[in-house]
Amino acid sequence: MTLAPAHAVRPLRAMVLRPGLPIEAAVFPADEATTTWHFAAYAPDDTVIGVASYFLETYPDLPAKLPYRLRGMATHPTLQRRAGIGTALLRESLGLLRRQGADLVWCYARLPAVPFYAKNGFLRLDRAGVIEIQGIGPHEVWYIPLQ
């Protein structure tokens, strides 16, 4: 796992999270901000096989001094749920954010990804309920304190 530029994470984001849409659908606001962190896991042939991006952003019901939103996390479809790539990427990236002073990470988790976040120590924000994100589907708010 390593820090990566935004353009390196977009193709896998598009493939997994925005299938059938142009790559522009995988460009997120603040992708190029100096406060944004992009991480990538690479196969031995330098193919990107896992990605995660973190954006400096608050969530109204989760007070924090330096909160980050996890967005665009994806593992290559041929490696999902069996190679440990997502878990390793998450653990290493959260460790780096913690060392940089971040005290909270939150995300809108797709319902099929909820077990992954629960397994990795995230907590569900129950009072948020299920949130329908137009064109993408139902999500829940999950978070993990880092301090």
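Charge dipole (Cα centre; +1 on Lys/Arg Cβ, -1 on Asp/Glu Cβ; no other charges) of the chain amounts to roughly 360 debye.
Annotation for region 92-112 versus region 1-69: alpha-carbon center distance of 12 Å. In the P(r) worked out for region 1-113, what percent of Cα pairs fall beyond 23 Å? Above the 23 Å cut-off, region 1-113 has 24 percent of its Cα pairs. Its DSSP H runs of at least 4 residues, each contributing -39,500 (n - 2.57), put the calculated 222 nm mean residue ellipticity of the chain at -7000 deg cm²/dmol, to the nearest 500. Dividing the mean sequence gap of close Cα pairs (under 8 Å, 6+ apart) by how many residues the chain holds gives a relative contact order of 19 percent.
Throughout, read-outs are computed from the coordinates displayed, never taken from laboratory work. Since the structure is predicted, the reported quantities are computational estimates derived from the model, not experimental observations. In this analysis, Cβ positions are derived from the backbone assuming ideal geometry, glycine residues included, and neighbour counts consider all displayed protein chains.
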